[in-house]
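Written below as structure tokens is the structure these notes are about.
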Amino acid sequence: MSRRDRKQQVDSVRADSNRSRSNTVGSAHARLTRRTAVQAGAAGILGLGMNHLEALRSAHAASSSEASGKSSGGTAKSCIYIFLSGGLAQQDSFDLKPNAPDSIRGEFSPILTNTPGIEICEHLPMLAQRSDKWALVRSLTHPTNGHTLGHYYMLTGHSTAPIFKGDRKPRPTDWPSISSIVGDSVAPRGNNLPPAVMLPEKLVHWSGGTIPGAYGGMMGHQRDPFIIGATQYGDPFWRGAYPEYTFHQLPKKNPTSDSPTVFQAPNLKLPVELAGHRFDKRLDLLGTIDVQRSALEKSAEGELYDQHRQSAVSLLASQEIRRAIDVTKADDRTQERYGRNSFGWSLLMAYRMVEAGVPMIQVNLGNNEAWDTHGDAFWRLREKLLPPTDRALSALLDDLSASGLLDETMIVMGGEFGRTPKISLLADSYKGPGRDHWGSVQTLFFAGGGVRGGTVVGSSDKQAGYPASDPQKPENMAATIYNALGIPREAVWQDELERPYHIYHGEPIRGLM
């Protein structure tokens, strides 16, 4: 078949699909009013650049679940996936080995939690007090020690890659991310908000490449998570929860900029002249501009408008969402509980996104490879990384519990891999010792969404080097999220040529729920 014939075939399929949208999945997406279409066009004028049309939700998945009447029975309506880029050392956080040799056990001591038999690091005391609300999986394993491929495995829920070049370029041949699949599969709540959000930044390698695995991939760019960019680093080697807990990744090199201090969402910040009540008036005026009017009228005649622009306008115009994003102006008590730093602000924003009804929120807790503790590991974990995580995550658990949202919100926390059992020193780069990359085992943290608090699933060996019991894969982690959110086992997602792919590639983690 020629390229021209192939294109005609694809165009024909898409045209047929567009004609049948209202008969298949249109009930899940209310048509836009003329005014909303005008607002959506205004978002484009405001420079948000959201010009991709919404792809079809999976008609096969919808019909399968409706016909079979089957559901996974999950209680969660939202998921917060906290990603620790760089790789948290399991031996220095949630799986300490106090009886191991000095070269393995590290400098930290375990402390008792409120759950008999469960011990965690002494530098996580607030989480220790809340052990009835969370669970651990100490046996997650996959076959790579590479940062980029590890990110890919853990962000997509696949421990294989159909085509992977390792050059830090997201591709349309990538598996879709967990966030994209959830955003496509969980029924929208009628609030025009994005189904999946990534904050406070996308993961960009210090060399400038974008880490793949967090995007729509084969589902298309229209299924990328909506990125709320709230951080500005300057020197890409700044790490930690700035401004309170900042450190430079390369201690034997001078930083090229001052440490970051500003946390905001610039892509969603209205110009001063459009703030507050003047925004609606300005949107009305924009609707009279000739260059926009014809496109908007065409959209209002019957086409479902671009969901990304819808979401952009909702985020800009909604006072609730603007409050959710403007976390640095939270009251003093809230700021104190979460911490006045990028970790605290990010998890506070995630909580408010759950309140607003966003189904999937990926929180990159620290910029790319912030948890990559090859050297000076114990000082960095003790002073810069564990304290703000302990505080912010504890505050998130408290707020979800107090508001009654914990049972409806699954929290998952992990990184691209764990760290080596053996401690080493890279003397040319660091003053103190650390641990290297280790995909063979890491500990995952779970809470809410039906998770049984005070539970430990699986174990590692005496050195925290390999699973000793109940090994789990990224596929099992992903299946646990899908199951908690009630996505049926028979559900599929479709690529841009509408070919179906199974969502589940593993069993949910047993004993966790």
Subset of the stretch 107-138, residues charged (D, E, K, R) and either out of contact with any Leu (no Cβ under 8 Å at 6 or more places or on another chain) or not in a loop (DSSP other than H, G, I, E, B) (or both), comes to Glu107, Glu119, Glu122, Asp132, Lys133, Arg138
Within the stretch 407-425, the residues that are within 11 Å of Gly450 (Cα to Cα) and surrounded by fewer than 24 Cβ atoms within 10 Å (Cβ to Cβ) are Asp407, Glu408
Of the listed residues (Ser459, Ser429, Ser440), the one being within 23 Å of Leu84 (Cβ to Cβ), modelled with pLDDT under 95 and either in contact with a His (Cβ under 7 Å, 6 or more places away or on another chain) or open to solvent by 20 Å² or more (accessible area, probe 1.4 Å) (or both) is Ser429
Here the residues within the stretch 139-157 that are touching a helix residue (DSSP H, G or I) at 6+ places or on another chain (Cβ under 7 Å) and not in a loop (DSSP other than H, G, I, E, B) are Leu140, Tyr153, Met154, Leu155, Thr156
From the option list Asp398, Asp376, single residue qualifying as at positive phi, open to solvent by 10 Å² or more (accessible area, probe 1.4 Å) and either at pLDDT below 95 or of a type in the set (D, E, K, R) (or both) is Asp376
Scanning the stretch 318-350 for residues that are within 18 Å of Gly366 (Cβ to Cβ) and part of a helix (DSSP H, G or I) gives Val327, Thr328, Tyr338, Ser342, Phe343, Gly344, Trp345, Ser346, Leu347, Leu348, Met349, Ala350
Next on the checklist: Here is a check on your reading of the model: is Gly190 open to solvent by less than 10 Å² (accessible area, probe 1.4 Å), out of contact with any Pro (no Cβ under 8 Å at 6 or more places or on another chain) and of a type in the set (Gly, Ala, Ser)?
Outcome noted: no
task: Looking only at the stretch 386-402, decide whether some residue is within 18 Å of Leu485 (Cα to Cα) and in contact with a Ser or Thr (Cβ under 9 Å, 6 or more places away or on another chain).
output: yes
What do you reckon, is Arg391 touching a residue at least 24 places away in the same chain (Cβ under 8 Å), under 28 Å from Asp102 (Cα atoms) and in a helix (DSSP H, G or I)? no
Restricting the stretch 213-237 to residues that are modelled with pLDDT under 95 and of a type in the set (Ser, Thr, Tyr), the one nearest to Pro200 (Cα to Cα) turns out to be Thr231
Cβ pairs under 7 Å, 6+ apart or interchain, first in the stretch 69-91 and on the phi > 0 side of the Ramachandran plot and open to solvent by 10 Å² or more (accessible area, probe 1.4 Å), second among the small types (Gly, Ala, Ser) and at pLDDT 95 or above, ordered by first then second residue, are Gly73/Gly486
When every residue in the stretch 206-230 that is hydroxyl-bearing (Ser, Thr, Tyr) and either over 20 Å from Gly366 (Cα atoms) or assigned to a loop (DSSP other than H, G, I, E, B) (or both) is compared, the one most open to solvent (accessible area, probe 1.4 Å) is Ser207
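The values are calculated or read from the model by the stated rules, or taken from the named source; none is laboratory data. Every value quoted in this text rests on a predicted model; they were computed, and no experiment measured them. Quick reminder, even Gly has a Cβ in these numbers, built from the backbone with ideal geometry, and neighbours come from all protein chains shown. What goes into the accessible areas is simple: the full protein's heavy atoms, side chains included, and nothing from ligands, DNA or RNA. Shrake-Rupley method; radii C 1.70, N 1.55, O 1.52, S 1.80 Å.
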